Amino acid sequence: MKTPIYFDNHATTPVDPRVLQAMLPYFTEKFGNAASRNHSFGWEAEEAVDKARKQIADLIGATAKEIIFTSGATESNNLAIKGVAEMYAEKGNHIITAATEHKAVLDTCKKLEKHGAKVTYLPMLSNGLIDLDVLRKAITDKTILISIMYANNEIGVIQNVAEIGKIAHERGVLFHTDGVQACGKVPVNVLRDNIDLMSITAHKIYGPKGVGALYVRRRNPRVQITAQMDGGGHERGMRSGTLNVPSIVGLGEACAICQAEMPEESRRMSYLRDKLKAKLESELDEVFINGTMEHRLPNNLNMSFAYVEGESLLMGINDIAVSSGSACTSATLEPSYVLKALGVGDDLAHTSIRFGLGRFNTEEEVDYVAARIIEVVRRLRELSPLYEMAKEGVDLSTVQWAAE
Amino acid sequence: MAYSDKVLDHYSHPRNVGSMDKNDPNVGTGMVGAPECGDVMKLQVKVDEATGIIADAKFKTFGCGSAIASSSLATEWLKGKTVDEALAIKNTDIVNELSLPPVKIHCSVLAEDAIKAAIGDYKKKQGAHKPAGETVAS
Ligand SMILES: Cc1ncc(COP(=O)(O)O)c(C=O)c1O
């Protein structure tokens with residue numbers, strides 16, 4: 001077993017060697033521009049792009065023509081939301097999204113608000129799901145788009161996407177989902193799930209960084225978006241720019257591998273995740289799972305270790321890469337807004353750790369990580385005045401803290 | 001973020017971890033910060049009655065590595081000082097000693113606050129213990 005150990009696969013994943021092999025010829029020998037229509041270099045590149053388009057479409061139950069290549073999910077989210085807002089401006093200006101979305105969705109919506117759009121940010125139930133009745137009531141005759149992520153990147157909770165899409169369609173509203181964390185990990189089908197637009201990115205599924213796609217539905221309904229970048233009119237006019245052929249080949253191959261291996265891989269992920277969870281829960285008291293375990297990605301565990309601040313825990317396990325919802329680890333010095341939306345108190349949010357398992361993790365690593373976490377949490381609790389008070393029977397919620 | 005060697009050393013080998021009897025008249029206890037803010041420091045001093053010198057200091061901290069290091073360092077510095085010398089410890093001394101980056105300065109501020117709170121608690125107890133006639137007339 002080699003250290004450091006990487007358990008942060010929601011942030012990014014390594015490129016699968018098979019993906020890299022598929023990409024390599026497209027940097028040097030097969031370097032053509034996929035838009036060059038009059039020689040074999042161009043045809044070769046176009047063929048590779050078409051194959052990738054098909055591989056991506058197959059993974060999500062779409063057709064190849066519905067796949068638009070982008071630079072990643074940040075761009076896909078921007079293009080979907082801004083593109084719909086602009087295209088359907090005459091129909092309405094109301095967008096519904098949720099408090100736990102990725103910043104690429106939230107900040108896009110905030111930008112549109114500045115330009116006059118109305119945005120509803122749905123609250124969360126404490127299990128991390130949205131309340132479908134609240135969603136239904138939020139829809140008005142001005143609503144043009146609902147954007148709710150498929151699976152959350154911090155807590156791994158999977159929304160009832162098919163039902164959300166159904167509600168949207170009953171009211172003639174388009175449904176976009178940020179599918180970044182779900183695609184390739186759990187079965188996603190745009191038809192079954194009533195999805196009109198979906199963002200995906202390669203680097204979360206063992207493909208390269210800087211390439212992604214937007215699924216744009218072509219039938220029932222035919223979705224149109226206004227391009228957000230002007231240029232040569234590539235990707236059926238929706239996204240100009242010479243295609244990044246090697247990366248697109250990588251994204252396609254990454255999708256094909258995920259599709260072929262998903263049943264086996266998701267079983268293995270949930271086995272490892274459940275083992276990690278069971279070990280931590282059996283050896284440590286006062287640990288809390290954030291978000292429901294019932295509707296969750298198989299590779300995600302998000303746990304609060306009460307009375308142990310997250311950054312100090314990360315410091316103690318410095319040969320293990322995980323992330324924390326603690327303010328000390330965020331750029332904003334605020335604890336995780338996702339946990340806050342679930343009603344997790346700031347005190348527990350500061351103690352949360354996100355474990356993201358991946359294809360290349362082993363059972364030996366899980367055992368090692370569990371043992372290290374247990375050891376460091378115990379050590380830091382010996383250092384924690386809060387743990388001491390709790391053990392003495394003090395109800396911490398009744399204490400007058402000096403800093404408040 | 002990279003931690004300084006001194007922060008790492010205090011984090012890995014914290015000095016003077018523990019608790020003293022907070023009801024002991026010679027022990028002053030300071031507790032600062034809040035769990036919602038991600039930092040709580042408890043710092044205690046025990047003052048030698050005869051000499052007025054801090055004979056022992058203990059801490060427990062919930063917080064990041066820099067908060068743990070700041071309070072660990074504070075306990076080291078407190079031992080052997082008089083109460084008034086202890087009050088002269090400044091957060092900037094801690095920042096310099098531990099090479100804390102700007103985002104961690106609040107940890108040193110909290111440690112200074114904890115020292116002041118512990119000494120304040122000790123002084124309050126001593127005042128309360130003295131016979132009524134000895135308190136300073138206002
Ligand atoms: C849920 C979610 N959406 C969007 C993104 C952004 O994707 P990208 O890095 O491809 O822009 C990420 C990852 O950072 C994510 O986890």
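Each value in this text was obtained by applying a stated rule to the coordinates, not by laboratory testing. This one's a predicted model, so the numbers in the text were calculated from it and none came from an experiment. Here Cβ is always computed from backbone atoms with ideal geometry, including for glycine, and neighbour counts include all displayed protein chains.
As a proxy for reagent exposure, ranking B:Asp48, A:Asp178 by other Cβ atoms within 10 Å from fewest up yields B:Asp48, A:Asp178. Remark: region A:63-126 is approximated by an ellipsoid whose semi-axes, taken from the C-alpha gyration tensor as √(5λ), come to 21, 17, 11 Å, largest first. Straight-distance candidates among the lysines for linking to A:Lys51, with alpha-carbon spacing under 17 Å and chain neighbours fewer than 8 residues away dropped: A:Lys30, A:Lys65.
Each pair of Cα atoms in region A:232-350 enters the Kirkwood radius, and Stokes-Einstein at 4 °C and 1.567 mPa s then converts it into a translational diffusion coefficient of 74 µm²/s. Residues whose amide H falls under 5 Å from that of A:Ile5, counting only those 5 or more places apart or on a different chain, are A:Ile320, A:Ala321, with hydrogens built in the peptide plane. Once divided by 2.2 N^0.38 Å, the Cα radius of gyration of region A:121-162 becomes 1.20. Dividing the convex hull volume of the alpha carbon atoms of region A:90-196 by its residue count gives 93 Å³ per residue. Semi-axes of the equivalent ellipsoid for region B:16-77, computed as √(5λ) from the eigenvalues of its C-alpha gyration tensor and ordered from largest down, come to 23, 12, 7 Å. Here is how the number arises for the protein assembly as shown: DSSP H runs of 4 or more residues each give -39500 (n - 2.57), the sum is divided by the residue count, and the result at 222 nm is -12500 deg cm²/dmol.
The lysines whose alpha-carbon is closer than 25 Å to the alpha-carbon of B:Lys6, local same-chain residues fewer than 8 away aside, are B:Lys42, B:Lys58, B:Lys60, B:Lys79, B:Lys81, B:Lys90, B:Lys104, B:Lys116. Neighbours of B:Asn91 by Cβ distance under 10 Å: Lys/Arg scored +1, Asp/Glu scored -1, total -2. Computed from the C-beta positions of A:Val399 and B:Lys22 and an R0 of 22 Å, the FRET efficiency is 0.95 to the nearest 0.05. With θ taken as phi - 60° and the Karplus curve 6.51 cos²θ - 1.76 cosθ + 1.60 applied, the whole-hertz 3J(HN,Hα) list for region A:11-16 is 7, 6, 10, x, 6, 5 Hz, x standing for glycine and proline. Across peptide B:29-35, the mean count of Cβ atoms from other chains lying within 10 Å of each residue's own Cβ comes to 6.
Below 13 angstrom from the Cβ of A:Asn361, what's the summed charge of the other residues (Lys, Arg +1; Asp, Glu -1)? Net local charge, A:Asn361 excluded: -1. For region A:159-273, DSSP calls about 55 percent of its internal beta bridges antiparallel.
Across q = 0.14, 0.27 Å⁻¹, region A:231-300 modelled as identical point scatterers on its alpha-carbon atoms has Debye log10 I(q)/I(0) values of -0.68, -1.17, in the order of the q list. Here is the tail figure for region A:32-173: Cα pairs spaced more than 27 Å apart come to 32 percent of all pairs. Within the listed set A:Asp367, A:Asp193, A:Asp58, the Gaussian network model of chain A (springs between alpha-carbon atoms below 10 Å) gives the highest mean-square fluctuation for A:Asp367.
Ordering A:Met262, B:Met31, A:Met1 from the fewest to the most neighbouring beta carbons within 10 Å gives A:Met1, A:Met262, B:Met31.
The packing ranking, built from the mean of other Cβ atoms within 10 Å per residue, places the peptides A:118-125, A:298-305 in the order A:298-305, A:118-125, highest first. Which whole-number percent of Cα pairs in the protein assembly as shown have a distance greater than 32 Å? That fraction is 53 percent. Using the alpha carbons alone, the radius of gyration of chain B stands to its Kirkwood radius in an Rg to Rh ratio of 1.01. Using the Cα coordinates of region B:88-128, the gyration tensor eigenvalues translate into equivalent-ellipsoid semi-axes of 26, 9, 5 Å, sorted from longest to shortest. With the convex hull constructed from alpha-carbon coordinates only, region A:271-404 shows a mean projected area of 8.9 nm² over all directions.
Applying 1/(1 + (r/R0)^6) with R0 = 56 Å to the Cβ-Cβ distance of B:Thr82 and A:Ala321 gives a FRET efficiency near 0.75.
Averaged over peptide A:383-392, the number of partner chain Cβ atoms lying within 10 Å of each residue's Cβ comes to 5. Under 10 Å, Cα contacts only: if you run a Gaussian network model on chain A, which one of A:Lys137, A:Lys54, A:Lys279 comes out with the highest mean-square fluctuation? Most flexible of the set in this elastic network: A:Lys137. DSSP bridge analysis restricted to chain A gives an antiparallel fraction near 55%, rounded to the nearest 5. The HN-Hα couplings worked out from phi for region A:223-234 by the Karplus form 6.51 cos²θ - 1.76 cosθ + 1.60 (θ = phi - 60°) are 8, 10, 10, 8, 4, 9, 9, 9, x, x, x, 5 Hz, whole numbers, x standing for Gly and Pro. With both labels modelled 7 Å from their Cα along Cα-to-Cβ, the A:Ala162 to A:Asn33 distance reads 4.5 nm.
Each residue of region A:123-136 is assigned a 3J(HN,Hα), and the resulting list reads x, 10, 6, 5, 8, x, 9, 8, 8, 5, 5, 5, 4, 4 Hz, derived from the Karplus form 6.51 cos²θ - 1.76 cosθ + 1.60 (θ = phi - 60°), x at Gly and Pro. Mean-square fluctuations from a GNM of chain A, with a 10 angstrom spring cutoff on Cα atoms, peak among A:Pro187, A:Pro246, A:Pro25 at A:Pro25. Work out the P(r) tail for region A:270-316: percent of alpha carbon pairs separated by more than 15 Å, whole number. For region A:270-316, the fraction of Cα-Cα distances above 15 Å is 49 percent. The amide H of A:Glu309, built 1.01 Å from its N in the peptide plane, has B:Gly63 as neighbours under 5 Å, considering only residues 5 or more places off or on other chains. Ordering A:Arg236, B:Arg15 from the fewest to the most neighbouring beta carbons within 10 Å gives A:Arg236, B:Arg15.
Loop-located trypsin sites (Lys or Arg not before Pro) in region B:20-70 (DSSP state not H, G, I, E or B) with no more than 15 neighbouring Cβ atoms inside 10 Å: B:Lys22.
One quarter of the surface of the convex hull around the alpha-carbon atoms of region A:8-72 equals 5.5 nm², the direction-averaged projected area. Taking amide H as placed 1.01 Å from N in the peptide plane, the amide H of B:Asp39 sits under 5 Å from that of B:Ala34, each at least 5 places away or on another chain.
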